[in-house]
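Asker: Take this structure, written in structure tokens, and hold onto it; I'll ask about it next.
The values are calculated or read from the model by the stated rules, or taken from the named source; none is laboratory data. This structure is a prediction, so every number in the text was calculated from the model and none was measured. Neighbour counts run over all protein chains shown; Cβ positions are idealised from the backbone, glycine included. For accessibility, only protein heavy atoms count, side chains too; no ligands or nucleic acids. Shrake-Rupley method; radii C 1.70, N 1.55, O 1.52, S 1.80 Å.
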Amino acid sequence: MTEIKYITIEEAINKKPQTVNLRGWVYRERKSNKFVFIVLRDESDIIQCVISKSKNAELFEKAEKLTIESSVKVSGELKEDDRAPSGFEVSVTEMEIVQIANPFPITEHQSPELLYDNRHLWIRSRKLNAVLKVRHTVVGAIHQFFRSRGYYEFDAPIFQPSQSEGGATLFEVKYFEDVMYLSQTWQLYAEAGIFSLGKIYNMGPTFRAEKSKTSRHLAEFWMAEMEAAWMTLDELTEVAKDEIRFIVQEVLKHNKKELEILERDVKLLEHYAEAEYPTIKYAEALEILNNKYQMNVPWGKDLRTMEEAKIAEHFKVPVIVTHYPTEIMGFYKPPSEENPKEALCFDALAPEGYCEIIGGSQRSLLVDDMKKRLEADGEDPGNYEWYFALRNYGSVPHSGYGLGVERVVQWMCGLDNIKDAIPFPRTMIRKSP
Ligand code: ATP
Ligand code: MG
């Protein structure tokens, strides 16, 4: 017996009309007295298949039993057909039903909550399939970007004995007889890693107990971080710009079809792929907010989402904002020498309301200052002895940043909610499936 060679729907469409063997799931079905039409889907695309009663009554009877999401193998003649959704149609000559699906719980026009409850099924939707493919490109682009520039991949522990991004968002976990915390960032370990490997990067799961319900925060997300010895803030922001631009270019190169399914404005992405991104200081951002938008933001306050959105709207491309007030920044973000009230740090803000996608800084070398700032936050500097010790063994200027993978996927895909940028989202109220 010769084995049947199956191809994907995309491969079938790309080939000339011919006999094809496909396997997949029933995406849509429509029955009349004379025909059963099914739209078959697989990982690559969808295609209309038609079973004609007059041509094969037995097959027609079998096809009548098909329900949405039933799994099938079909063989038939592929023809161009303007009336079919993809411009092609398969006239089915043979069919094997693998499983008849129960009534599918997701029908058209469902509430978002029902879709999240049925996430294990909803990830098959065309929308989520497209998002997950864009995510695949984004993740691949990040690895490619850093590896092609000589960065080494370096992993940090997920169980960590202390906080690095503020105690308020720490997840405490039982660790044998002790407690530990889930990683909020790889940064402190990365600062040790650069003394061995120079330039390093990583992409890993990151955990923050975000209590506010926003469309931009997850409790579990993936952060892509980099750290480099000898690097200053000026060089760091250029790396961030190059990385963002490279990701956009890769998405445009690999995901035109997905962007179309998601109804994403490709012209805008093409603009981001070419444009220069401005760098401004926090103080200049305040001038724009207060003069152009009459927002009255006083110096010393962190920018809120609506303020970040206005800054990016003003430039219509990703913007780098540097030199936020030292006082409101993490303990490891150093004061600038010229004006200690300003920290050597930056955020990258995406346009169209997507806001912060990257946060980073030069790293402080001032151990006493860091200890004071930790104490002011109610932390015990004693938990950071190994970290401070790095400053005693050939300390050098160094910098790093973290990019939120889901934030970037959300922006690339034009998604309203970050929950759709990850297969199984975790937030304060969303724990399953
Ligand atoms: P935000 O102010 O938006 O909460 P942050 O200042 O806490 O961000 P950083 O600590 O600088 O963020 O983390 C680096 C990047 O990780 C952010 O720029 C963002 O892209 C991403 N990120 C941070 N927190 C979350 C979260 N809860 N969910 C998804 N992505 C996040
Ligand atoms: Mg935060």
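Asker: Roughly how many percent of the accessible protein surface of region 60-154 is carbon and sulfur, given a 1.4 Å probe and a whole-percent answer?
Answerer: 50 percent
Asker: Taking the Cα centre of the chain as the origin, how large is its charge dipole in debye, to the nearest 20, when only Lys and Arg (+1) and Asp and Glu (-1) carry charge on their Cβ atoms?
Answerer: Rounded to the nearest 20 debye, it is 1540 debye.
Asker: Sticking with this one: Order W25, W411 by their accessible area, 1.4 angstrom probe, all chains in place, largest first.
Answerer: If we order W25, W411 from most to least accessible, we get W25, W411.
Asker: What list of ³J(HN,Hα) couplings, whole Hz, do you get for region 185-198 from phi and the Karplus terms 6.51, -1.76, 1.60, once you set θ to phi - 60° and write x for glycine and proline?
Answerer: So the Karplus estimates, Gly and Pro as x, are 5, 8, 3, 4, 6, 5, 5, 7, x, 5, 6, 9, 10, x Hz.
Asker: Rank H271, H143 by accessible area, highest first, at a 1.4 Å probe radius?
Answerer: Largest to smallest exposure gives the sequence H271, H143.
Asker: For T93, what residues show an amide H to amide H distance below 5 Å, using hydrogens built from the backbone and excluding near sequence neighbours?
Answerer: S75, G76, E77
Asker: Could you give the accessible area per residue of region 101-173, probe 1.4 Å, as a whole number in Å²?
Answerer: 54 Å²
Asker: Now for a different question. Could you work out the equivalent-ellipsoid semi-axes for region 124-164, taking the square root of 5 times each eigenvalue of the Cα gyration tensor, largest first, in whole Å?
Answerer: The answer is 28, 19, 6 Å, longest axis first.
Asker: Under the 0.36 nm per residue contour assumption, what length would be gained going from the current alpha-carbon distance of Q144 and Y293 to full extension?
Answerer: This chain segment gains 49.7 nm when fully extended.
Asker: Right, here's the next one. Kindly provide the helix-only [θ] at 222 nm of the chain, computed as the sum of -39,500 (n - 2.57) over DSSP H runs of four or more divided by all residues, to the nearest 500 deg cm²/dmol?
Answerer: Computed ellipticity for the chain at 222 nm equals -9000 deg cm²/dmol.
Asker: Probe of 1.4 angstrom, ligands and nucleic acids ignored: what's the accessible area per residue over region 187-230, in square angstrom?
Answerer: Result: 37 Å² of accessible area for each residue.
Asker: Next up: Loop-only GluC sites (Glu not before Pro) in region 313-344, please: DSSP not H, G, I, E or B, and at most 12 other Cβ atoms within 10 Å.
Answerer: The qualifying sites are E337, E338.
Asker: Ok, one more. Could you pull out every one of the lysines with an alpha carbon less than 18 Å from that of K241, ignoring same-chain neighbours closer than 8 positions?
Answerer: Correct list for K241: K199, K281, K316.
Asker: Where does each of K53, K257 land when they are ordered by accessible area, with a 1.4 Å probe and the largest first?
Answerer: K53, K257
Asker: Given a 1.4 Å probe and every protein chain left where it sits, what share in percent of the accessible area of region 339-433 is carbon and sulfur?
Answerer: That fraction is 50 percent.
Asker: Residues with amide H under 5 Å of E342's amide H, sequence separation 5 or more or different chain, H placed in the peptide plane at 1.01 Å from N; which?
Answerer: Those lying under 5 Å, H to H, from E342 are T326, S336.
Asker: Across 5 Å bins from 0, what is the distribution of all Cα-Cα pair distances for region 194-237, in whole percents?
Answerer: Spelled out bin by bin, region 194-237 gives 5, 18, 18, 16, 14, 14, 11, 3, 0 percent.
Asker: Now for a separate question. Suppose R0 equals 60 Å; then what is the FRET efficiency for E64 and F159 from their Cβ-Cβ distance, rounded to the nearest 0.05?
Answerer: Efficiency at R0 = 60 Å is approximately 0.60.
Asker: Same structure, new question: Please compute the net charge surrounding Q163, taking Lys and Arg as +1 and Asp and Glu as -1 over other residues with Cβ under 11 Å from its Cβ.
Answerer: Counting the neighbours of Q163, the net charge comes to -4.
Asker: Taking the Cα centroid of region 246-301 and of region 375-411, what is the distance between the two, rounded to the nearest whole Å?
Answerer: First find each Cα centre; the distance between them is then 27 Å.
Asker: Sticking with this structure for a sec: Check which residues have an amide H placed less than 5 Å from F88's amide H, if you skip close sequence neighbours.
Answerer: Hits under the 5 Å cutoff: Q48, D81.
Asker: May I ask you to compute the full-extension gain from K73 to D416, defined as 0.36 nm times their residue separation minus their alpha-carbon distance, rounded to one decimal in nm?
Answerer: Gain on stretching K73 to D416: 119.9 nm.
Asker: Let me ask you something else. Report in % the part of the accessible area of region 236-331 that belongs to carbon and sulfur, leaving out ligands and nucleic acids; probe 1.4 Å.
Answerer: Of the solvent-accessible surface of region 236-331, carbon and sulfur hold 49 percent.
Asker: Where does the charge balance sit around E243 when Lys and Arg score +1, Asp and Glu -1, over other residues with C-beta under 11 Å from its C-beta?
Answerer: 0
Asker: Now for a different question. Using the Karplus curve 6.51 cos²θ - 1.76 cosθ + 1.60 with θ = phi - 60°, work out ³J(HN,Hα) for each residue of region 67-83 in order, rounded to whole Hz, and write x for Gly and Pro.
Answerer: Values, residue by residue: 10, 4, 6, 4, 9, 9, 10, 10, 10, x, 9, 8, 10, 6, 8, 4, 7 Hz.
Asker: Quick one: how many Å² of D82 are accessible to a 1.4 Å probe, rounded to 10?
Answerer: Solvent-accessible area, nearest 10 Å²: 150 Å².
Asker: Would you mind putting 126-135, 68-77, 184-193 in packing order, based on average other-beta-carbon counts within 10 Å, highest first?
Answerer: Put in order of decreasing packing, that is 184-193, 126-135, 68-77.
Asker: Within region 252-314, list the chymotrypsin sites (Phe, Trp or Tyr not before Pro) lying in a DSSP loop whose Cβ has at most 11 other Cβ atoms in a 10 Å radius.
Answerer: W299
Asker: What residues from region 392-431 fall in the zone where the backbone N is under 17 Å from a label point 7 Å along the Cα-to-C-beta line of W230?
Answerer: Those under the cut-off are 394-400.
Asker: I've got another one for you. Could you give the Stokes-Einstein D for region 379-419 in µm² per second, using the C-alpha Kirkwood radius, 20 °C, 1.002 mPa s?
Answerer: In µm²/s, the coefficient rounds to 155.
Asker: Please list, short to long, the whole-number percent of alpha-carbon pairs of region 231-319 in consecutive 10 angstrom bins beginning at zero.
Answerer: All Cα pairs considered, the percentages come to 15, 37, 32, 16, 1.
Asker: Additional query: When a/c is below 1.5 the answer is rounded, else prolate if a/b is larger than b/c, else oblate, so apply that to region 1-111 with a ≥ b ≥ c taken from the square roots of the Cα gyration tensor eigenvalues.
Answerer: rounded
Asker: Also, quick follow-up: Using the scaling law 2.2 N^0.38 Å as the reference, what is the normalised Cα Rg of region 218-269?
Answerer: 1.52
Asker: Local charge sum around H314 (other residues, Cβ-Cβ under 13 Å, Lys/Arg +1, Asp/Glu -1)?
Answerer: -3
Asker: What percent does the relative contact order of the chain come to when contacts are Cα pairs within less than 8 Å and at least six residues apart?
Answerer: RCO, the chain: 13 percent.
Asker: Over the Cα atoms of region 348-433, Rg to Rh with Kirkwood Rh, two decimal places?
Answerer: Reported Rg/Rh, Kirkwood definition of Rh: 1.13.
Asker: Please compute the per residue accessible area over region 41-90 with all protein chains in place, 1.4 Å probe, rounded to a whole number of Å².
Answerer: Per-residue value: 48 Å².
Asker: May I ask for the angle, rounded to the nearest 10°, between helix 305-315 and the longest principal axis of the chain, with both axes built from Cα atoms and the value confined to 0 to 90°?
Answerer: 80 degrees
Asker: While we're here: Over every pair of different alpha-carbon atoms in the chain, take the mean of 1/r and invert it; report that Kirkwood radius in Å.
Answerer: Here the Kirkwood hydrodynamic radius works out to 24.6 Å.
Asker: List, in order, the whole-Hz ³J(HN,Hα) value for each residue of region 220-233 obtained from phi through the Karplus relation with A = 6.51, B = -1.76, C = 1.60 and θ = phi - 60°; use x for Gly and Pro.
Answerer: So the J values, rounded to whole Hz, are 10, 9, 10, 10, 9, 10, 9, 8, 9, 5, 6, 7, 9, 4.
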